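Okay, so here's the structure we're looking at.
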Amino acid sequence: MLPVKSSNINGHTYQCTLFPAKTGYLRGMKISKICSALLTGSDAYSIIAVLETIIETDKDGSFVLDLFSSTLRDGAVMNENVFNEVYAGNYSEMFDALKFIVESNYGDVWELIKKKMGSLEEKKEATGTDEEVAKSPVV
């Protein structure tokens, strides 16, 4: 049985069943491809920036629906019809729910990225240049 994480968002109970490993890997590869450019700047620390990039890239909405596919809102499966009805004019809740889904499934990865980016920032401060940091492997 896959783990389930719960959250109360805007007065609604969300239950996110974590993605099976292969599904999470494939979705994660798409997320990392979408947000790879963000990892070189200060936006790497902002999951919101990642979510904005996903939405800009996901023109037909199929990927965002895929991310919501294992999540319940007040016990309702988040299929396309429910998604459209629930989030019509309610985009802040949608972004909060999407953030919850991504953090639930990939939170450990974001922590690792933050740690690596912190190491790069420390090297940059120590050397005073981006050039030296670019040549240094992240440890």
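The values are calculated or read from the model by the stated rules, or taken from the named source; none is laboratory data. Note that the coordinates shown come from a computational prediction; the quantities given were computed from them, not determined experimentally. Counting neighbours? That spans all protein chains shown, and the Cβs are built from the backbone with ideal geometry, glycine included.
Each row is one residue, and each column tells you yes or no for (1) at negative phi; (2) touching a residue at least 60 places away in the same chain (Cβ under 8 Å).
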{"site": "53", "(1), (2)": "yes, no"}
{"site": "59", "(1), (2)": "yes, no"}
{"site": "74", "(1), (2)": "no, yes"}
{"site": "78", "(1), (2)": "yes, no"}
{"site": "81", "(1), (2)": "yes, no"}
{"site": "89", "(1), (2)": "no, no"}
{"site": "92", "(1), (2)": "yes, yes"}
{"site": "98", "(1), (2)": "yes, no"}
{"site": "106", "(1), (2)": "yes, yes"}
Inside the stretch 70-92, the number of residues satisfying the requirement of being of a type outside the set (A, V, I, L, M) and surrounded by fewer than 17 Cβ atoms within 10 Å (Cβ to Cβ) is 11
Of those in the stretch 69-117 that are part of a helix (DSSP H, G or I) and hydroxyl-bearing (Ser, Thr, Tyr), the residue nearest to residue 16 (Cα to Cα) is 104
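Take the residues in the stretch 11-35 that are within 18 Å of residue 71 (Cβ to Cβ) and of a type in the set (Lys, Arg); name whichever of them is modelled with the highest pLDDT.
Residue satisfying both the conditions and the ranking: 27.
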When residue 38 is run through (1) modelled with pLDDT of 65 or more; (2) surrounded by 13 or more Cβ atoms within 10 Å (Cβ to Cβ); (3) touching a helix residue (DSSP H, G or I) at 6+ places or on another chain (Cβ under 8 Å), the failure sits at (1)
Of those in the stretch 41-73 that are at pLDDT 70 or above and among the charged types (D, E, K, R), the residue nearest to residue 96 (Cα to Cα) is 73
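May I ask you to say which residue of 103, 85, 80 is touching a Gly at 6+ places or on another chain (Cβ under 9 Å) and either at pLDDT 95 or above or under 22 Å from residue 1 (Cβ atoms) (or both)?
Going through 103, 85, 80 in turn, just one is touching a Gly at 6+ places or on another chain (Cβ under 9 Å) and either at pLDDT 95 or above or under 22 Å from residue 1 (Cβ atoms) (or both): 80.
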